[in-house]
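Here is the structure we will look at, set down as structure tokens.
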Amino acid sequence: MTRHRFRTTVVCAAFLALGLGTVQEAASAPAPPETPRGSGSVTAIEEDAARSLASSLSDPAWRARVETAALASDEVGLGELTGKASSPAARDLESAVGDAERALVEAKGLGPQTDPLLHLRLADESMRRALKAGAEPLVAAAPADDGATTVTAYDSTGRSHTLDAHRLPERPVYVVGVDAERAVAAGMAVLREELARHGLPTTAPVNSASTASDGFWTSRITSVRLSDDEEPWFKGDAEIYSLVAGFGQDGKVRVDPVDMPYLDEDGKTYRPNQILVNWSYYKYNLADVVMMEEDGGTNYRSLAKAIAGALLTIIDAGAYVPLVNAVLDAMPDDWWTDDPDYVDSWYTLARNSAGSFRGARGNGTMTLEPYWVSAF
């Protein structure tokens, strides 16, 4: 990111002429040697799946089935698609997808019950016309580096095509990647489980006299907006979540993950009326918020371990200490190079905070209001 077009595609392009079969590309060459399955890298797993899908499209009947599914839905689960087909090409791809799914769950630190993650989508709506007209699609995995200048795509013969990352290809392109919404939903469960296991509770507050029996105060998001930046065509929608950090009723640091599945486009104001902070969980009437993006490569168990390791060293000295910097310092170094997951942060939000608050990084703006949740 820098981000905040975040994994959102905004491309202005004329509709393609019927029958277009050329490709805007820097080069065409034989595909590079395949990366072994299960190598541990999300990018490598996605690339492997993209190559496998591309090869399977040499079967005309199977290619037509994939096309029908891609035109009927914004995103298509690869496992679901192959599971309903009977052609040899689909059966071979089903085996490859199954291997990739298991490798992804491990690479992202998710639980064994995670729903299938691999999906495909047409890179841009403007490609629909050429696809319907019979243009043979390419298949690509989105590069891990949002600043990439090229994208490698594959055709059904196994040849690779280098596409300009900032110019929409004339030839239709299927993009294979992780279903970020499912990944975040599964990741939030893992974060809560792992943070608690490492000593940072994320469940119900410790009972105390300060917790009202008839309800509790919260901070509610009445609107939220992320900034606008250019993003290449190969990115899809963002999947955003926030980490709310403060001192629990027992005086220990606690972190509460908050999923924000609606927040997938930059430059658009959302009005979710979502509860961000439950103040009955916290000793002080202050908390910090770090907003993150699921980028495909996030390993949630590693993230939880890193955050816990950083925050457990912070002692309650009787006054609130901002925790944003500690959370950010806990992030692995590679998150700050090519493909950072950090969106923005808000320091020392108070229980009575009301109005519009711009993030410290200047990429996000939230409007908050105190909101009483009655027990009756």
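The values are calculated or read from the model by the stated rules, or taken from the named source; none is laboratory data. The structure presented is a predicted model; accordingly, all values stated were derived computationally and were not measured. In this analysis, Cβ positions are derived from the backbone assuming ideal geometry, glycine residues included, and neighbour counts consider all displayed protein chains. Side chains are part of the model used for accessible areas, which takes the heavy atoms of the whole protein and leaves out ligands, DNA and RNA. Shrake-Rupley method; radii C 1.70, N 1.55, O 1.52, S 1.80 Å.
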Looking at the structure I just gave you, is residue 140 surrounded by fewer than 19 Cβ atoms within 10 Å (Cβ to Cβ) and of a type in the set (A, V, I, L, M, F, W, C)?
no
Do the conditions hold for residue 84, that is, is it among the basic types (Lys, Arg) and without any contact (Cβ under 8 Å) to a residue 12 or more places away in the chain?
yes
Within the range 287-320, can you find the residues that are within 27 Å of residue 370 (Cα to Cα) and without any contact (Cβ under 8 Å) to a residue 40 or more places away in the chain?
317, 318, 319
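Conditions tested, residue by residue: (1) touching a Ser or Thr at 6+ places or on another chain (Cβ under 9 Å); (2) of a type in the set (Ser, Thr, Tyr).
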| site | (1), (2) |
| --- | --- |
| 241 | no, yes |
| 246 | no, no |
| 250 | yes, no |
| 258 | yes, no |
| 261 | no, no |
| 265 | yes, no |
| 269 | yes, yes |
| 275 | yes, no |
| 278 | yes, no |
Selection within the range 102-122 - within 13 Å of residue 298 (Cα to Cα), in a helix (DSSP H, G or I) and of a type outside the set (A, V, I, L, M, F, W, C):
106
Could you check the range 285-302 and list, in sequence order, the residues that are of a type outside the set (Lys, Arg) and open to solvent by 40 Å² or more (accessible area, probe 1.4 Å)?
285, 286, 297, 302
Within the range 242-259, can one find any residue that is open to solvent by 10 Å² or more (accessible area, probe 1.4 Å) and either modelled with pLDDT under 80 or among the hydrophobic types (A, V, I, L, M, F, W, C) (or both)?
yes
Filter result for the condition that a residue is in contact with a strand residue (DSSP E or B) (Cβ under 6 Å, 6 or more places away or on another chain), under 22 Å from residue 45 (Cα atoms) and open to solvent by 10 Å² or more (accessible area, probe 1.4 Å), over 98, 77, 83:
77
Does any residue of the range 192-209 turn out to be in a strand (DSSP E or B), at pLDDT 75 or above and open to solvent by less than 40 Å² (accessible area, probe 1.4 Å)?
no
Collect the residues in the range 137-188 that are among the charged types (D, E, K, R), in contact with a Leu (Cβ under 9 Å, 6 or more places away or on another chain) and more than 22 Å from residue 52 (Cβ to Cβ), keeping them in residue-number order.
170
For the list (1) more than 18 Å from the chain's Cα centre (by Cα); (2) open to solvent by 20 Å² or more (accessible area, probe 1.4 Å), I need the number of the one condition that residue 135 fails.
(2)
I'd like the residue in the range 117-149 that is acidic (Asp, Glu) and touching a residue at least 12 places away in the same chain (Cβ under 8 Å) and, out of all such residues, is nearest to residue 82 (Cα to Cα).
136
Between 53, 81, which is within 26 Å of residue 184 (Cα to Cα), out of contact with any Lys or Arg (no Cβ under 6 Å at 6 or more places or on another chain), modelled with pLDDT of 95 or more and aliphatic (A, V, I, L, M)?
53
Residues that are modelled with pLDDT under 85 and surrounded by fewer than 18 Cβ atoms within 10 Å (Cβ to Cβ): does the range 339-357 have at least one?
yes
In the range 294-315, residue nearest to the chain's Cα centre (by Cα) [restricted to those that are at pLDDT below 85 and among the charged types (D, E, K, R)]
294
